[in-house]
Structures are given as C-alpha cells and as structure tokens.
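Accompanying notes for the structure given below.
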Amino acid sequence: MYLVKTPKFIQNLFPNYISKVQETEKVLYLTFDDGPIPEVTPWVLDQLEAYNAKATFFCVGENVEKHKSIYKQLKEFGHAVANHTYNHLNGWVEDNATYFVNVRKCAALVKSDIFRPPYGKLKRKQAQFLQRHYKIVMWDVLSGDFDPKITNEECLNNVLEHAKPGSIIVFHDSLKASKKLKYTLPKVLKHYSDLGYTFQKFDGNSLQLPKQNYKIA
Ligand SMILES: [Zn+2]
C-alpha cells in the first residue's frame, strides 16, 4: 500500500524533508531511482534529451560500481546525481551504524549532497544524522511504475492527475519498472512540454530548505 500523492499533513510531519518545491513557474522535478542500469538508463537519457529536460538520478552505489560508464553519462548529459545508499537498504530494518556505513559507501562513488532513502523509510535518528550532511529529497507524486498491479494507463494517470508546478515526481530506472516507465515517461514529457513546463534537476540553488523547526528527542 502506498500513496500516489503525498498528503499535506505527512509533508508537514517531516518539515525537513523536501517533498515539493515552492514554485509559481511551470517547473517539474523528475527523479529516477535505483539505477543506473544498461537496460533502462540510456533510454531514459535519450527521452530526456529529446525534450531538453534535466532530471535527478538517485543512484544505488552497487549499480554505479557495475555500470561506471552509464553513471558518467548521467553527468555528461547535465543531470544531477544523488545518493540512494549502496545496497538499497531499508532504514526501518537496518541498525543505524549499518545504514550510515552503506550511505557512506555510496558517497564514495556518488558525490552529492542530496539523499533519498530507499522506500522513503528512515528512523528518526537516521534522519537527524543524515540531515546534517544531506538535503533529504522525498516526493509528492509517485508514478507507481514499480507496481505490477497497475496498468500502464493508471501509471500515466497517477502523474497527470497529481503533478502541479514544483512537484517532485518519482520514476525508477529499474528492470521492474521498465515496462510502465517506457509507456509513461514519453507521454509525461510531451504532455507537460506542450503545456509550457520545463523539467529541472536539483542543485544547491533550486532547493529551498525549510526552516529547522523540529525538536530533537
Ligand atoms: Zn529505491
């Protein structure tokens, strides 16, 4: 069970996570998790290039290690890369030390100050620690491309029905998601380009960090 649209009250519970960018302009932030892999990532790069779109790739360290040349291409094409742990760990399951070592192992390959926890799952202490080193970027629209129970059309509608200016949209450059991604991504790029949107990556300047207003237990 997951939510396609992250409700406002959840976004407010985690004020230090970035799940949407305050935008008045027609800008969308496309994000791709779990790559890079040869079967999907180069195809994504071609699609983005056709629309002059920039995106942010949340890379799994072990895939970067295996597919260094594709990883290099992400940067050559002008996209942003970000840390998604080395082995795609679930923060709710792993102890903190194991989790932090895994993030650091990814950081040795992926130079970035942006982090997204796999499954969106972090324990409070993990979040507090990581926020000292990273901007934690979540999302407000989940395409559901990874979900075998939905159709191509439902995946596309998840995006079209929920994306707004400043939305952070999650896709996956993974084998599991490739069928729905290959259906949905070109249509999303075309639809929003026709409406006058641009697609931007995250960088230090585009991230408006919320105020540090949580209490440390
Ligand atoms: Zn992931």
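Observations
- Euclidean distance of C-alpha centroids, the stretch 157-199 and the stretch 11-65, integer Å: 10 Å
- Size of charge dipole - the chain - debye, nearest 20, with Cβ of Lys, Arg +1 and Asp, Glu -1, no other charges: 700 debye
- Gained length - Ala108 relative to Lys149, 0.36 nm times residue gap less alpha-carbon distance: 11.1 nm
- Residues with amide H under 5 Å from that of Phe32, placed H, sequence gap 5 or more: Thr56, Phe57, Phe58, Phe171
- Karplus-based coupling profile of the stretch 80-97, in residue order and whole Hz: 8, 10, 8, 8, 10, 6, 7, 10, 6, 7, 8, x, 6, 9, 7, 6, 4, 4, with θ = phi - 60° in 6.51 cos²θ - 1.76 cosθ + 1.60 and x standing for Gly or Pro.
- Stretchable slack from Ser193 to Lys26, in nm (0.36 nm times residue separation minus alpha-carbon distance): 59.2 nm
- Tensor-based shape of the stretch 82-146 (alpha-carbon gyration tensor, a/c under 1.5 rounded, otherwise prolate or oblate): rounded
- Considering only Gln128, Ser112, His172, the residue lying farthest towards the positive end of the dipole of the stretch 64-217 is Gln128, judged by Cα position with unit charges set on Cβ.
- Taking trypsin sites (Lys or Arg not before Pro) across the stretch 33-113, the ones in a DSSP loop with at most 12 further Cβ atoms lying within 10 angstrom of their Cβ are Lys111.
Values quoted throughout were computed directly from the atomic coordinates according to the rules given, and no laboratory measurement underlies them. Owing to the predicted nature of the structure, the values given are computational and were not obtained by experimental measurement. In this analysis, Cβ positions are derived from the backbone assuming ideal geometry, glycine residues included, and neighbour counts consider all displayed protein chains.
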